[in-house]
Amino acid sequence: MIKQLCVLYIVLSTGFLYAQQNQCDFILSGTTYEEHNPTPLSYAVIRVLELDTTFSSDDEGHYILEHLCQQKYTLVCSFLGFRPDTHAVYMDKNKGLFFTLHPENCELDEVVVKADKSGSSGIVLLRNNDSSVSNDGASLLKEISGASLLQTGNNTVKPVNHGLHSSRLRVVQAGASIENQQWGEEHGLELSGIGNLTLSDQNNLLYHHDGIGGVVIANPHIYVNEDTTLSSEGLLYSSINSNGSSGKIGGELSSNLGLIPWIGMKTFGSISRGGDVHSPMYNINNTGYQNYDYGWMLDAKHRKFSSTLFYSLVSQELGVFSGSHIENVTDFERAIKAAQPDDIHTGSFDYQIEGPKQAVQHELLSYQLKFLDKYELQVSRQFNQREEFEGHIGEVPEVDLQLNLTTLNGDIRYYSTWKNWNSTLGVNAMNQANTWNYREFIPNYENNRLGGYMLIENTDIKDEKYGIKLGVRYDQYQNKYYTLSGNVNRVFSNMAYSAQGVKNLKNNYVLSIMNGMSWRPPSANELFSKGVHHGAATIERGDVNLKKEVSNQSQIEIFKRWGTYHGSVNVYGNYIHDFIYSQPTGNVALTVKGAFPVYQYVQTDAVFYGSDFNFEYEFKQRLSGFSSSTQYTFIRTLDVATNKPLIGIPPNRVEQQIGYQSKHYNQYDNDDFVRYNWKVGAEGQYFFRRANTNLALEFAPPPSSYLLLNTFFVFQVKNRQDYNPVNIRLEVNNILNTPYRNYMNRYRFFADEMGRNVKLTLEIPFNIINRNQAL
Amino acid sequence: MKKLSIYFVTAALLLGACKKDENDPQNPTPTNEEELITTVTLHFYEKGNVDNHVMGSFRDVDGAGGNAATIDTIILDTNTIYTASIELLDESGTDVVDITTEVKEESDEHIFCYEPSTSEINITITDSDGTYPLGVETEWTTGNTASGSVKVTLKHQPNGQKDGSCSSGETDVEVDFPVVIQ
């Protein structure tokens, strides 16, 4: 993995001078390079927009363009595996222009609002050096304003964006839409080998139509070139936590194949283990976990085609807090009222994972083949197995529920360009089969979907002053459910569209407007569930006649990025027709364990609206080295039928971080080689009480507001100028050991959240290069 | 071509290694291999007149959710002493499983509690685990005509939690039987 600053430098040379300056006799020449390699890049493709011509640099990376007129020219240099490098040059004399391409795996070292002119105002969060490579996807995402986490205990977290999650937040990895029974709030996110991670507020119709709350895209990548000398690089990391006495070891290794050019391989994996965590005042029993994940990637590139094969397997065994699985309403009410859990659940620390617990395995195989930059085939297969174990303390856990989900997905796409318009046409087919063992909480089913979509984008309207992205998609489902009481067939279909416009305003402000329609069919649990919901002491009843949900959303965002600061503010609204949620009926059902309130899945129209703000600034001159980051997230909801808010919406929050770093932290200047660098920072997070909620539907009132203080210290050691440093990171989270309950933790009724945690992370990158010629 | 063959070979290797679902979606597995208590039955024998046998059951054969449970009303004579015993069954599968024996085997981790709603019923537990009462065997003494209910609770109290009361532990059974004394 190559971490670099994306630096573009233009070297103007006046080497070639002609006495006579003909109107159309200017010469532009130069060399094409790749980042980090003094050897020029051969056969890079250069396109001159004004002339609509394309040529390539020669085998020594040189190019020469003659007979240019006295005007502006825009040149785009590109190469497979690299990001295009665009320059504009005004030819009023002979000039020189060098291109430096950085590989597609170029990772920016800061949180960046992706303000590219193609109009996507998704927020890009890449390997932020202020967080760790070893963090999983959900933890990285919660740093973004507008996003947060939904937790079930400590071991299961999933991302939330603008109040929406689970079936309403689409996750894509390696080109495949992740299918892991995401309807379950207590089902986490099982990803390995994440690569670049982006969160977009707008649905991306290339992958799916159900991104009502947005799309999370994990894009693993490797760097592939024509080199025939073997070179490898990678990263080893390790982290330990004081709270829970947990540890993780993992690594990534990328390599080319040596003798065979244009092939790259990557392998990655990690194992981790943790024991019981503790709140400031007591242990929280049975919250340990034991996870491992591994995977690999095989990339092949050629002038005419590129192909990527990706495989990952994630396996998790997650303890569920023993005091949270209460299968009797009287006990449940008692637990909610108690200040802290019964002593039997706050016993001494151990690593044992007893019942209740979850065991999950998720396997992903994804293949992408692209021809001539025009035709693309994307196929994937996923298998997800979830087991929920019951069992009281001291008993051997028994499997109570097992769900097996197999999903096959395929897309064929056609890319084309006409003037400045890029268009994508695609068709999609999906087949999904679900089976259960032990208990029919949701039935067996076979779902099939067929869809078609068209996306167009123009990034260069009026010289990059405007950008537009439009998309439309239509899908139809044929779903067959094989329940024990008989077969049910349902058909769902709908259109989806998305429209984004970006306008560059004065003073580096950018205005982005989005509007779109997404939809999702009801999930199997919403249609069919019958029975006690794991640990919630309620009986949930599905409704087989539920209709699809359709959402209309709009967002206006203004952002500005200028030198040392960038900020953004947005306002959004999401009107969801036939929003599905679980509502108490007021009735109880008698079970052998007592009377349980019965909840029924119903539909209503719901509105989600809110605003996010963030501002980051790097100080200069006397305060040079200091940086500040401020965020505010605000959201409210409304159930149109009852005129009351919904429940389960993340609380509003304000975050402020101050950092101070040494001069060359995260920099790769060629001039100064500084071996040691560091950064220290502190952050305050204030979570407001979730006041905008419907108390009649809540099991217990939302917890009060609270302030969390976190600190971090990063120490970097560099061995060579252009290589990644060794990172040592020390974080102390909840440094004040504040006891608090998190409204977005489904187990907030039973125990406080984790107290102080000291985390130490070590990241060691390495390069193994075997070159014939010295650099 | 060399390159292509590498892909195919690797792909083939992997597909063989993929995890698979053993079940067929179109044939759902018959229910429940886990143990459920679906049936709670109280048997009453008049002390000294065993021909007078009364019983009442709570039954929820398909488990929580699904079809509604049924509860019998227990009808007892006035001013009579009954020897009673409780029986727990799992009737959800093809074979009936007797759960009561398990509770008796783990008597030091279980306790039954009986709470009548009327003073015309007096219940005492007659068995024990050696230290604390168990509650599988009880003696019921009825008074005059009345109607009310008796709440029967089974608590699972592992790890030495058991203290003779029903205030702690996990609830495995909580059934309110309507009782009529006539």
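Values as computed for the structure displayed
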quantity: Counted residues, region A:539-556 - those being surrounded by fewer than 20 Cβ atoms within 10 Å (Cβ to Cβ) and of a type in the set (S, T, N, Q); calculated: 3
quantity: Unmet criterion (only one of (1) closer than 30 Å to A:Asp342 by Cα; (2) within 12 Å of chain B (Cβ to nearest Cβ); (3) at pLDDT 90 or above) for A:Ser322; calculated: (3)
quantity: Region A:568-587, residues that are within 14 Å of chain B (Cβ to nearest Cβ), touching a residue at least 12 places away in the same chain (Cβ under 8 Å) and over 29 Å from the mean Cα position of the chain (by Cα); calculated: A:Thr585
quantity: Residue match in region A:114-128 (condition: at pLDDT 80 or above and not hydrophobic (A, V, I, L, M, F, W, C)); calculated: no
quantity: Hits in region A:747-775 - residues which are polar (S, T, N, Q) and modelled with pLDDT of 90 or more; calculated: A:Asn757, A:Thr761
quantity: Any hit, region A:334-352, residues being among the charged types (D, E, K, R), in a strand (DSSP E or B) and within 12 Å of another protein chain (Cβ to nearest Cβ); calculated: no
quantity: Unmet criterion (only one of (1) more than 11 Å from chain A (Cβ to nearest Cβ); (2) under 18 Å from the mean Cα position of the chain (by Cα)) for B:Leu154; calculated: (1)
quantity: Any hit, region A:435-454, residues being in contact with a Leu (Cβ under 7 Å, 6 or more places away or on another chain) and at pLDDT 95 or above; calculated: yes
quantity: Residue list for region A:303-319, filter: within 11 Å of another protein chain (Cβ to nearest Cβ), touching a residue at least 60 places away in the same chain (Cβ under 8 Å), surrounded by fewer than 23 Cβ atoms within 10 Å (Cβ to Cβ) and not β-branched (Val, Ile, Thr); calculated: A:Phe305, A:Ser307, A:Leu313
quantity: Lone unmet requirement of (1) within 14 Å of the chain's Cα centre (by Cα); (2) surrounded by fewer than 20 Cβ atoms within 10 Å (Cβ to Cβ); (3) away from chain A (no Cβ under 12 Å); (4) not aromatic (Phe, Trp, Tyr) for B:Thr118; calculated: (1)
quantity: Residue check for A:Lys593: farther than 21 Å from A:Gly213 by Cβ and more than 14 Å from chain B (Cβ to nearest Cβ); calculated: no
quantity: Tally, over region B:150-159, of residues that are surrounded by fewer than 19 Cβ atoms within 10 Å (Cβ to Cβ) and either of a type in the set (A, V, I, L, M) or part of a loop (DSSP other than H, G, I, E, B) (or both); calculated: 2
quantity: Index of the failed condition, A:Ser255 passing every other in (1) within 30 Å of A:Leu730 (Cβ to Cβ); (2) in contact (Cβ under 8 Å) with a residue 24 or more places away in the chain; (3) more than 14 Å from chain B (Cβ to nearest Cβ); (4) outside any loop (DSSP other than H, G, I, E, B); calculated: (1)
quantity: Residue match in region B:160-173 (condition: surrounded by 20 or more Cβ atoms within 10 Å (Cβ to Cβ), part of a strand (DSSP E or B) and over 22 Å from the mean Cα position of the chain (by Cα)); calculated: no
quantity: Per-region count, region A:259-300, residues among the aromatic types (Phe, Trp, Tyr) and either more than 30 Å from A:Glu390 (Cβ to Cβ) or over 26 Å from the mean Cα position of the chain (by Cα) (or both); calculated: 4
quantity: Residues of region A:435-459 classified as of a type in the set (A, V, I, L, M) and over 30 Å from A:Val76 (Cα atoms), total; calculated: 2
quantity: Pairs, first in a loop (DSSP other than H, G, I, E, B) in region A:94-111, second polar (S, T, N, Q) and modelled with pLDDT under 50, C-beta under 8 Å, six or more apart; calculated: A:Asn94/A:Thr14; A:His102/A:Gln4; A:Cys106/A:Gln4; A:Asp109/A:Asn128; A:Asp109/A:Asn129; A:Glu110/A:Asn128; A:Glu110/A:Asn129; A:Val111/A:Asn128
quantity: Selection within region A:476-525 - more than 14 Å from every other protein chain (Cβ to nearest Cβ), touching a strand residue (DSSP E or B) at 6+ places or on another chain (Cβ under 9 Å) and not in a strand (DSSP E or B); calculated: A:Leu505, A:Asn507, A:Asn508, A:Pro521, A:Pro522, A:Ser523
quantity: Test result for A:Phe749, touching a helix residue (DSSP H, G or I) at 6+ places or on another chain (Cβ under 6 Å) and surrounded by 20 or more Cβ atoms within 10 Å (Cβ to Cβ); calculated: yes
quantity: Any chance B:Val152 is under 23 Å from A:Thr591 (Cβ atoms), touching a Cys at 6+ places or on another chain (Cβ under 8 Å) and hydrophobic (A, V, I, L, M, F, W, C); calculated: yes
quantity: Subset of region B:29-60 [part of a loop (DSSP other than H, G, I, E, B) and either modelled with pLDDT under 85 or among the aromatic types (Phe, Trp, Tyr) (or both)]; calculated: B:Thr29, B:Pro30, B:Thr31, B:Asn32, B:Glu33, B:Glu34, B:Glu35, B:Leu36
quantity: Given (1) modelled with pLDDT of 75 or more; (2) facing chain A (nearest Cβ under 7 Å), number of the condition B:Ile75 does not satisfy; calculated: (2)
quantity: In region B:67-84, the residues that are surrounded by 18 or more Cβ atoms within 10 Å (Cβ to Cβ) and not hydrophobic (A, V, I, L, M, F, W, C); calculated: B:Thr80, B:Tyr82
quantity: Residue within region A:273-291 that is within 14 Å of chain B (Cβ to nearest Cβ) and in contact with a Gly (Cβ under 6 Å, 6 or more places away or on another chain) present; calculated: yes
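Yes or no, residue by residue, for (1) of a type in the set (S, T, N, Q); (2) crowded, with 16+ Cβ neighbours inside 10 Å; (3) touching a Phe, Trp or Tyr at 6+ places or on another chain (Cβ under 9 Å); (4) at pLDDT below 95:
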| site | (1), (2), (3), (4) |
| --- | --- |
| A:Ser629 | yes, yes, yes, yes |
| A:Arg636 | no, yes, yes, no |
| A:Asn643 | yes, no, no, no |
| A:Gly648 | no, yes, yes, yes |
| A:Gly659 | no, yes, yes, yes |
| A:Phe673 | no, no, no, yes |
| A:Asn677 | yes, yes, yes, yes |
| A:Leu707 | no, no, yes, no |
| A:Arg720 | no, no, yes, yes |
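The values are calculated or read from the model by the stated rules, or taken from the named source; none is laboratory data. All values derive from a computational prediction rather than experimental measurement. Neighbour counts are summed over all protein chains in view; Cβ atoms, including those assigned to glycine, are modelled from backbone coordinates with ideal geometry.
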